[in-house]
Each structure stands twice: as structure tokens, then as C-alpha cells.
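The values are calculated or read from the model by the stated rules, or taken from the named source; none is laboratory data. Just so you know, these numbers come straight off a predicted model, no measurement behind them. Every residue, glycine among them, receives a Cβ derived from its backbone with ideal geometry; neighbour counts consider all protein chains shown. Surface areas here come from the heavy atoms of the whole protein model, side chains and all, with no ligands, DNA or RNA. Shrake-Rupley method; radii C 1.70, N 1.55, O 1.52, S 1.80 Å.
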Amino acid sequence: MNDLLHAASEKPVLLNPIEDRQAKIVALLHEKLFLDIRALTEHLQVSVATVRRDLGELEEAGFLRRTHGGAVSLNQVAQDPVHAVRAVSQLAEKAAIAATAAGMIVDGDAVLLDAGTTSLEVAKLLAKRAGLTLISNGADIIAELIRGEAKNLYAVGGEYTDTNRSFRGPQAEHFIRQFNVDKLILNAASIDLDRGLICTGYPLNASVQQAMIEVSGRVIVVADHSKFTKSSFSVTARIEDVGVIVTDAGAASIIETAPERMRRKFVIAN
């Protein structure tokens, strides 16, 4: 398998067809976050069974990790990207997801908004809607709701972290547990379909999210397709324990290979 490392570089190496094909897969992983099986079959002009066999061998050799519908690089397991990066990533997808999620909120609802850039897009749509009670631990979300003249607004306090511009810790969890809300807009740093997990980067953030889930009648997870191509350190919840996961069309090919019980949880935003 060492030949693959050379093949993925610019050095010319004489490989057999299998090695050459697998070297191309390794090289593609340096360019993309996620390799879709169907796209690989078209790119390499081979069958699905052949691609799956190649991915299996590359996983055993430690080059990648297989996921539903494809594969990701092993180095995708990491800390959350900094806020400045998330704020400008997948903007069109986040807007579509936010519109779909906001459409699930009805007048009279009490809504918890978890800190995050996708929840912020939802907040922009809810700020001027009368009759809602809104609660958030996100500094940016609270500021947006104040600008939008939200009438019934509660701000969660606690330890501030610039990672996702949120308030967290025991004080935040205690404050959240005083409420009984209809719906929660929950962010996810990653969604692991193989293990059925919704994850975030830090245990303190996961603890706050778990408190939010405890007091919410329905959990609406908002996550663009990039969240399906990596893993995160801390588990927030199991997929089966949330109400719905709103994502964009970029995740469709990944979701369709998941078991039926999981696929029913997903809504694709248009």
C-alpha cells in the first residue's frame, strides 16, 4: 500500500490497475471532504461493487473511513471550525434549511434556539413573528432577536465561549431546565449515520444541548451536508431521539443509504 502514497504525490510510479485506481481515490480525498460512491463509479468507470471493495481495502490500510454512501478522510475527526469559518460556509444551504425549519414553528410556540450559524438564520426569520417566546444561549442570536424587536425573549447566561459565541456550563444548564418549551432548533457539528449519533466538538456544549433536549417537546436539528462528512468529539444525542433533521440536497445521496428508520427523520430543504 505504500505505493499509493507515492502515486498520490507527483512522483511517477508504475502501478497495476487496482493500485492505480486506489491511488486516484486517495488523491481525491485530499481535494474533497466526502467521496460519493456513485460519483466514484462514474469517475473511475467501474462498478459499485468494485468501488466498495477498493474503499474497504483502503479503510483497512488506514487511508480513509467508510460512511453511508461513500468515504471520508480519517483526519475529518477534529475540533469544530472557528466561528469565522462557519459564518461564511454553506450560506445558501443554511438559508434554505432555516426557511424549512422556521416553517415548522407555529404561533404560540415557545422555542429554544441553540447557538450556531444555522440557528442564527432561523432566528432572523422568527424575530418579527408575533406570539412566539424565544430563548437562546447564542450571543449572536440574542443580538439578532433584539434587533428584530422580538417581544418575548429570554437570554441564557453562563460561561461565554467564543468557539460558537455561546453561553454554557452549569449556570446555563440550570437556567434552561427552568423552562418547558414546544420546540428546539438544535445545531450539530457532525452527524454520524454509521453510529446514529449527533455530535458537537466540546463536552460542555454537549451538556447544554442535552439540557435543551430534556425540556423540549420536539427537537429540530439543522445541519447542512458538510456535517455528514466528519466526526466530532462529544455526543449530544442519538438520531432516533430527535424529531427531525433538516438538511440540504447535498446530503441526499448520503442519507438514502441509511436504514429506513433513520431516513424517516430527515427533511431535505429546497
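Data for the structure
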read-out: Added length on full extension, which subtracts the Cα-Cα distance from 0.36 nm per residue, ALA143 to HIS174; value: 9.0 nm
read-out: Potential lengthening between ILE18 and ARG38 on full extension [0.36 nm per residue; Cα-Cα distance subtracted]; value: 5.4 nm
read-out: Gaussian network model of the chain, springs between alpha carbon atoms under 10 Å - residue of ARG218, ARG147, ARG165 with greatest fluctuation; value: ARG147
read-out: Principal-axis tilt of helix 48-60 within the chain, Cα atoms, nearest 10 degrees; value: 80 degrees
read-out: Accessible solvent surface per residue of the chain, calculated while the other protein chains remain in place, 1.4 angstrom probe, Å²; value: 47 Å²
read-out: Estimated distance in nm for a label pair at ASP194 and ASP107, the labels positioned 7 Å out from Cα along Cα-to-Cβ; value: 4.8 nm
read-out: Cut-off under 5 Å, modelled amide H: who pairs with SER166 long-range; value: ALA139, THR161
read-out: Highest-fluctuation residue, LYS24, LYS94, LYS230 considered, GNM on the chain with Cα pairs under 10 Å; value: LYS24
read-out: The chain, accessible surface, carbon-and-sulfur percent (1.4 angstrom probe); value: 52 percent
read-out: Expected 222 nm ellipticity per residue - DSSP helices of 4 or more, -39500 (n - 2.57), all of the chain, to 500; value: -10500 deg cm²/dmol
read-out: Simple label model, 7 Å out from Cα along Cβ direction - THR50 to ASN152, nm; value: 6.1 nm
read-out: Most mobile listed residue (THR161, THR118, THR100) in the chain, GNM with C-alpha springs under 10 Å; value: THR161
read-out: Label-point gap, in nm, between GLU59 and ALA27 - each point 7 angstrom along Cα→Cβ; value: 2.5 nm
read-out: Under 5 Å, built H, 5+ apart or other chain: amide partners of VAL267; value: ILE245, VAL246, THR247
read-out: Length released on extending from LYS128 to LEU91, taking residue separation times 0.36 nm less the Cα-Cα span; value: 11.2 nm
read-out: Karplus-derived HN-Hα couplings along the stretch 128-144 (A = 6.51, B = -1.76, C = 1.60, θ = phi - 60°), whole Hz, x at Gly and Pro; value: 9, 7, 6, x, 9, 10, 10, 10, 8, 9, x, 4, 5, 5, 4, 4, 5
